[in-house]
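Have a look at the structure below, then the notes.
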Amino acid sequence: MSLEWVITILTDNWPMFLRGAGMTLLISIIGTLIGAAIGLFIGIVHTIPMPERGLKRYVQKLINFLLSAYVEFFRGTPMIVQAMVIFYGSAMAFGIDMDVFTAAVFIVSINTGAYMAEIVRGGIISVDKGQFEAAQAIGMDHFQTMINIVLPQVVRNILPATGNQFVINIKDTAVLNVIGVTELYFQTKSVSGNNFRYFESFFIASILYFIMTFTVTLLLRRLERKMAGPANYSMIGGLPMQVVNPEDKEHKIKE
Amino acid sequence: MEKVIEIQHLSKSFGTHEVLKDIDFAVSKGEVVCVIGSSGSGKSTLLRCVNLLEKPSGGKIIYHGENILDDRHDIHAYRTKLGMVFQQFNLFNNHNVLNNCVVGQMKVLKRKRPKAEEIAKKYLQVVGMDQYINAKPEHLSGGQKQRVAIARALSMEPDVMLFDEPTSALDPEMVGEVLKVMKDLAKSGLTMLIVTHEMEFAKEVADRVVFMDKGVIVEEGPPEQIFNNPEKERTQEFLKRTLN
């Protein structure tokens, strides 16, 4: 009976599954965060106004070209191939002996960064042009405008897409088993290699993957709702329509 | 009288389309100047050129004796001296009313938060929005947004306020509240450059009215002269069309 096998496999191997799931989650979280940072950085650099002439213009064009090349290359090749090239390539070509975990985080990060760069670009474009103009009109330079006005709005805009990328990363880290990362797929393969119950073992893995992705989806939805802010506001001073006391802690002006 | 901003031979083209042609024009301290003209006459572009949201194609903008179109000039510092009010309000969506008026003071003028909040509240009171400091822009009506936008510009304590058709995007019943705030400001001696379609308002508050058509200044002078005895034929035609 399959169910009995599932229970047996679980009772015998649960630490391995748990360690695998933990590793999967850890690599995905770090990879998504670093990737999002890379994406934001590229997004800001791409929107720096181009000087009309001079050396700066060429430097900026070169940087933009290199960043675009990076984005296109990593979006256009499978992560499983990138993993092989980077892990074995760095050892053979440059003599860098990366440990497997570092390599895994590195691969997921730069892969995510390439996708996030495009997501951030879309997020910046979707911010109303008037926001940039108003910020410039009170004397902000490009970076002040970006950090104080535009990026907070971008982050809110791209949150759903970033969450989606996180979910994709949880699933796609499975390909990292080719370089021997002990994530969930790798662990499941080890378990099933011992007991030859492929269906039951991978059934357990699929449930674990689903629990992780679905939890992330639910958490992100809550975060989105929270970032949308309260639907109401309180007035300051004695107006007849005032229903809350502005002295109340939750209604105090936030720093 | 001391000139705050002086524009000399200013021109602006979008591609081959010449929007502004050889504009000469100045604003003196304490003066309220209204720019009128039909849509497409270049009056908004002129205003946007003054604070460099559009880069002029030629000419000079003299501020405190210096041409700020020189490459070396710090345009960010210059812009803090000009308060800009947009047709579409353009309040910062990620900040509440108070922070809209505070963020520029803190980040650009490097004022400390308590000081910046004090100044912001002072000007929010001037525009009658001090009770809404907790509200986000999305909670406000158009007229309220525009009043906050005026307070935001005032909080930077600029030398000149620029208004780019501040009431054109408002519902008719909200135009009044914004115009009232602007009238009060005009009376307080603030230097103002206003692009507007509100002829009655211009007649009432302007010290000088500038009529623009097809990218040139056709006529300028005190409101009584422009509205009652315009010299140029184009001005007469325009006023006949708009005042009836």
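Brief remarks follow.
- Enclosing the Cα atoms of region B:110-244 in their convex hull gives a volume equal to 132 cubic angstrom per residue.
- Between residue A:219 and residue B:233, the FRET efficiency estimated from the beta carbon spacing at R0 = 56 angstrom works out to 0.20.
- Estimated dipole of the protein assembly as shown in Debye, rounded to 20 [Cβ of Lys and Arg +1, of Asp and Glu -1, Cα centre]: 700
- In this view, the solvent-accessible surface of residue A:14, computed with a 1.4 Å probe and all protein chains in place, comes to about 140 Å².
- Percent antiparallel among DSSP beta bridges (both partners in the protein assembly as shown, rounded to 5): 55
- Per atom type, chain B shows carbon and sulfur on 46% of its accessible surface, probed at 1.4 Å.
- Using alpha-carbon coordinates, inclination of helix A:100-125 to the longest axis of chain A, degrees: 30
- Efficiency of FRET from Cβ geometry, residue A:155 and residue B:207, R₀ 51 Å, rounded to 0.05: 0.65
- Under 17 Å from residue B:110, Cα to Cα: lysines that are on another chain or at least 8 residues apart: B:81
- Between the helical axis of A:184-195 and the longest alpha-carbon principal axis of chain A there is an angle of about 10 degrees.
- A 1.4 Å probe run over the protein assembly as shown, with the rest of the protein chains in place, finds 50 Å² accessible per residue.
- Viscosity 0.692 mPa s, temperature 37 °C, Stokes-Einstein D of the protein assembly as shown from Kirkwood C-alpha radius, µm²/s: 122
- Solvent-accessible area of residue A:124 with every protein chain in place, 1.4 Å probe, in Å² to the nearest 10: 10
- Rh (Kirkwood; distinct C-alpha pairs) - region A:56-197, Å: 18.0
- Helical mean residue ellipticity (222 nm; -39500 (n - 2.57) per DSSP H run of 4+; nearest 500) of the protein assembly as shown: -18500 deg cm²/dmol
- Order by protection proxy (mean Cβ within 10 Å, highest first), peptides A:15-22, A:69-76: A:15-22, A:69-76
- Helix B:172-187 vs. chain B, principal-axis angle (Cα, 0 to 90°, nearest 10): 90
- A Förster radius of 41 Å, combined with the Cβ-Cβ distance separating residue A:226 from residue B:188, puts the computed FRET efficiency at roughly 0.45.
- Based on the Stokes-Einstein relation at 4 °C and a viscosity of 1.567 mPa s, and on the Kirkwood radius from alpha carbon pairs, region A:155-204 is assigned a translational diffusion coefficient of 104 µm²/s.
- For region A:1-106, dividing the convex hull volume of the Cα atoms by the residue count gives 153 Å³ per residue.
The values are calculated or read from the model by the stated rules, or taken from the named source; none is laboratory data. Not measured: the values here are computed from a predicted model. When we count neighbours, we look across all protein chains shown, and the Cβ atoms used for this are built from the backbone with ideal geometry, even at glycine. Each accessible area value is taken on the protein alone, full model and side chains, heavy atoms only, with ligands, DNA and RNA left out. Shrake-Rupley method; radii C 1.70, N 1.55, O 1.52, S 1.80 Å.
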